[in-house]
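Take a look at the structure set out below.
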Amino acid sequence: MRIAVVGTGYVGLVTGTCFSEVGIDVTCIDIDTTKIENLKKGILPIYEPGLEEMVLRNTQKERLSFSTDLASSIQGCDAAFIAVGTPPGEDGSADLKYVLAVARAIGHHMNDYLVVVTKSTVPVGTAQKVRQAIEEELAARGADIPFDVASNPEFLKEGAAIEDFLKPDRIVVGVASEKAEDVMTKLYKPFLMNGHPLIFMDIPSAEMTKYAANAMLATKISFMNDIANLCEIMGADVNMVRRGIGSDARIGNKFIYPGIGYGGSCFPKDVKALIRTAGENGYEMRVLKSVEEVNEHQKSVLFNKISAHFNGNLAGKTFAIWGLSFKPKTDDMREAPSLVIIKKLLEQGAQVKAYDPVAMEEAKHSLGDTIQYGKDEYETLIDADALLLVTEWPEFRSPNFTVASKLMKDKVVFDGRNIYDAKDLNEKGFTYYGIGVKQPVSELNATV
Ligand code: UDX
């Protein structure tokens, strides 16, 4: 089998590399010459655990290559995956210009039957537009070449993308012909060893599945954040409640961790997009609108606790921040709650010293020198008035609080991910604030 993957961003690169890993001949294509030249040298545009080694291995075995030349790369392919960006346009909806430009280029250059697969997260109805764009290009050339379109949403989690691709919970493919189904079955067969299903459906249902999955997960998180805030007011502990409800198999124990709001490139964008699609078609997504509202509020919860603790006097105070990326094991800063917290602290005249194991370079693009960056987590604590745990990187899970207490000016911890034990920290002389855990009596009602 031979495929082309157009777009060497996060999704395209992981997809192309993982297909090559099982022996499929893959060319990854991008219009960005520098990116392609770097990839040929093994320099990746993103950080994802295990990806660099896999790229190198498969490039050496000559089943993974990189090119800027779409015209020649798609010849002889069974399928071409479109995995280019769909940035929010001026009105917030996904801008399809890159997707449709690729579709046009494919239509312009293809010489043989091809399944054209949309892999980027695109609104319901996009595959139809891709089909039209290809048909127009073929007609303009006077060419009569058969092709199919398919929709194959990705469910990759940043930081675990390779595992997710190689051992998927399910693979969803929307098709409109048996021939396309046959090609997609052959491509995905090597990934079905764990017995999980390859689910075929019609194209609009596949496009909708992606949004419904992300919207459901975002809903679980916002629901738990709401419950956490109420727990705090009522003197309950959300960690207990979470375990209590998570053991019910109908609810499940995953994705019910309260925190400082969801971020990243998918949930915020996809929730917005689904609300918009519904609105444009005369329907209101009432639950999702609240999911979004709760998430916006949640990004301020940690700041509100800080402000309440210091009676609103944050000017001149120094805060150590552990973790900047929107979640661990990624350098992705898109929609990271850390940015909201830092902005609010700086507005109040506070100083921030942050450390993140991989996201500091990325963070500098938006934060520049408005904050200081530590060489490790302990350095940020020197003379700090409080520690803010923002991203639950594994290396922050069990720090030496005895060392920390000697470095800090004041022993206060604001734990945005509930990774520390309140009792343990209290015993070490720290004041501890979590999300939805019991607060000092004086703070009740004042912080959520
Ligand atoms: C998500 C989906 O999981 C994935 O299937 C889809 O393809 C893309 O979007 P990703 O954005 O990489 O993946 O991150 P994920 O691990 O799902 O976390 C998203 C956000 O939710 C993070 O900000 C995380 O901190 C937050 N989260 C997650 C919680 O606050 N609580 C939880 O219990 C789980």
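The values are calculated or read from the model by the stated rules, or taken from the named source; none is laboratory data. Quick caveat: nothing in here was measured; it's all calculated off a predicted structure. Note that we place each Cβ from the backbone using ideal geometry, even for glycine, and neighbour counts take in every protein chain shown.
Within the stretch 205-221, residues that are touching a residue at least 12 places away in the same chain (Cβ under 8 Å) reach partners that are within 7 Å of the ligand (Cβ to nearest atom) with beta carbons closer than 6 Å, at six or more positions or on different chains, in the pairs Asn214/Cys266; Asn214/Phe267; Leu217/Phe255; Ala218/Tyr262; Ala218/Phe267; Lys220/Phe255; Lys220/Ile256; Ile221/Tyr262. Residues in the stretch 210-258 that are assigned to a loop (DSSP other than H, G, I, E, B) and within 12 Å of the ligand (Cβ to nearest atom): Gly252, Asn253, Lys254, Phe255, Ile256, Tyr257, Pro258.
Hey, any hits in the stretch 296-306 for a residue that's surrounded by fewer than 19 Cβ atoms within 10 Å (Cβ to Cβ), under 15 Å from Asp415 (Cα atoms) and within 16 Å of the ligand (Cβ to nearest atom)? Taking every residue of the stretch 296-306 in turn, at least one turns out to be surrounded by fewer than 19 Cβ atoms within 10 Å (Cβ to Cβ), under 15 Å from Asp415 (Cα atoms) and within 16 Å of the ligand (Cβ to nearest atom). Considering the stretch 259-295, and only residues there that are within 8 Å of the ligand (Cβ to nearest atom) and part of a helix (DSSP H, G or I), the residue that is modelled with the lowest pLDDT turns out to be Asp270.
For the stretch 321-339, a residue qualifies if it is farther than 15 Å from Arg417 by Cβ and among the hydrophobic types (A, V, I, L, M, F, W, C), and the qualifying residues are Met333, Leu339.
Restricting the stretch 344-372 to residues that are more than 24 Å from the chain's Cα centre (by Cα) and crowded, with 18+ Cβ neighbours inside 10 Å leaves a set whose member that is farthest from Tyr432 (Cα to Cα) is Ile371.
Take the conditions within 27 Å of His108 (Cα to Cα), aliphatic (A, V, I, L, M) and in contact with a Phe, Trp or Tyr (Cβ under 7 Å, 6 or more places away or on another chain) and apply them to Ile29. Does it pass? No; evaluated as a whole, the condition is false for this residue.
With a requirement of 1 or more residues that are under 28 Å from Arg242 (Cα atoms), within 14 Å of the ligand (Cβ to nearest atom) and in the same structural domain as Lys305 (by TED's automatic domain parsing), the helices (runs of 4 or more DSSP H) lying completely within the stretch 318-431 that satisfy it span 337-347.
Of the residues making up the stretch 163-171, one or more are within 11 Å of the ligand (Cβ to nearest atom), buried (at least 18 other Cβ atoms within 10 Å of the Cβ) and in contact (Cβ under 8 Å) with a residue 24 or more places away in the chain.
Residues that are free of Cβ contacts under 8 Å to residues at least 60 places away in the same chain and among the small types (Gly, Ala, Ser) within the stretch 11-45 comprise Ser20, Gly42, listed in sequence order.
Can you find a residue that is aliphatic (A, V, I, L, M) and touching a residue at least 60 places away in the same chain (Cβ under 8 Å) anywhere in the stretch 257-266? There is at least one residue in the stretch 257-266 that is aliphatic (A, V, I, L, M) and touching a residue at least 60 places away in the same chain (Cβ under 8 Å).
Looking across the stretch 104-129, the residues that are under 25 Å from the mean Cα position of the chain (by Cα) and outside any strand (DSSP E or B) come down to Lys119, Ser120, Thr121, Val122, Pro123, Val124, Gly125, Thr126, Ala127.
Residue count for the stretch 314-329, restricted to those that are over 19 Å from Leu381 (Cβ atoms) and touching a helix residue (DSSP H, G or I) at 6+ places or on another chain (Cβ under 9 Å): 4. For the stretch 237-256, the condition holds for no residue, the condition being that it is under 15 Å from Glu293 (Cα atoms) and assigned by TED's automatic domain parsing to the domain that holds Lys329.
Quick check on the stretch 142-162. Is at least one of its residues of a type in the set (Lys, Arg), in contact with a helix residue (DSSP H, G or I) (Cβ under 6 Å, 6 or more places away or on another chain) and within 15 Å of the ligand (Cβ to nearest atom)? Yes: the stretch 142-162 contains one or more residues that are of a type in the set (Lys, Arg), in contact with a helix residue (DSSP H, G or I) (Cβ under 6 Å, 6 or more places away or on another chain) and within 15 Å of the ligand (Cβ to nearest atom).
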